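*Asks:* Structure below; questions to follow.
Each reported figure results from applying straightforward, stated rules to the coordinates on display, with no laboratory input. All of these numbers come straight from a predicted model, not from anything done at the bench. Methodologically, a virtual Cβ is constructed for each residue, glycine included, from the backbone with ideal geometry; neighbour enumeration extends over all protein chains shown.
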Amino acid sequence: EAGVAQSPRYKIIEKRQSVAFWCNPISGHATLYWYQQILGQGPKLLIQFQNNGVVDDSQLPKDRFSAERLKGVDSTLKIQPAKLEDSAVYLCASSRQNLNTEAFFGQGTRLTVV
Amino acid sequence: AQSVTQLDSHVSVSEGTPVLLRCNYSSSYSPSLFWYVQHPNKGLQLLLKYTSAATLVKGINGFEAEFKKSETSFHLTKPSAHMSDAAEYFCVVRGGSGGGADGLTFGKGTHLIIQP
């Protein structure tokens, strides 16, 4: 089966600019996650969707980050305005709606804010 | 709430010797536990998972892990290290916290170095 697709792979922007990332999960996966991985750290959950509804966005900096999954399939994550500390790899993952199943990760988008 | 502690940020072993990467977890619910590996500039790949079946779990590339509830541990082992095992390893817990939120919680990672 096709994996989780993310684009772009790399992005360089100046601080205070905006940026958007796109994710297409594995077909049939109801759950979609966005993670932020800062260099040298483990991924941190930003937001979790179940179909097109948000079930956990407790760690999403809502003053600058937003995400949507309008039709319950693909998703976008936006940052506006970006800060230097947003430089990280943004990972999208998807899974079936079952605690016993693993999540499958995309290659990620490496964001550099200068 | 759930959390994961990886006890070593770096582990260095010689090729052909055993590997032990240590992980302790905390979860209010019966957890599912995973080990993922991340090679440089590559995506996260699942090594193995524990989901309340057998406590000794076998994964890919000769890795295995043992779930010990009494010790709240899920250590990753491999009998003989190979150069291709050099990577970052993450211990991950997934547990329901109510309302459908069951995101994966990652440890900080263990960097495995293989000496020739």
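*Asks:* Between a first residue in the stretch B:31-58 that is over 15 Å from B:K69 (Cα atoms) and a second residue that is of a type in the set (A, V, I, L, M, F, W, C) and surrounded by fewer than 13 Cβ atoms within 10 Å (Cβ to Cβ), which pairs have beta carbons less than 9 Å apart while being 6 or more apart in sequence or on different chains?
*Replies:* B:V37/B:I60; B:Q45/B:I60; B:L46/B:I60; B:L47/B:I60; B:L48/B:I60
*Asks:* With closer than 24 Å to A:R110 by Cβ and either surrounded by 14 or more Cβ atoms within 10 Å (Cβ to Cβ) or within 14 Å of chain A (Cβ to nearest Cβ) (or both) as the only criterion, which of B:V19, B:V57, B:V37 stands out?
*Replies:* The conditions single out B:V37.
*Asks:* How many residues, within the stretch A:15-61, are among the β-branched types (V, I, T) and touching a residue at least 60 places away in the same chain (Cβ under 8 Å)?
*Replies:* Total meeting the criteria: 3.
Residue by residue, here is whether (1) of a type in the set (S, T, Y); (2) within 16 Å of A:H29 (Cα to Cα) holds:
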| site | (1), (2) |
| --- | --- |
| A:S75 | yes, yes |
| A:K78 | no, no |
| A:A82 | no, no |
| A:D86 | no, no |
| A:A93 | no, yes |
| A:A103 | no, yes |
| A:G108 | no, no |
| A:L111 | no, no |
| A:V114 | no, no |
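*Asks:* Kindly indicate the residue of the stretch A:32-55 that is over 19 Å from B:L44 (Cβ atoms) and not hydrophobic (A, V, I, L, M, F, W, C) and also farthest from the other protein chains (Cβ to nearest Cβ) among those meeting that condition.
*Replies:* A:N52
*Asks:* For A:N24, only one of the following conditions fails: (1) touching an Asp or Glu at 6+ places or on another chain (Cβ under 6 Å); (2) within 14 Å of another protein chain (Cβ to nearest Cβ). What is its number?
*Replies:* It is condition (2) that A:N24 fails.
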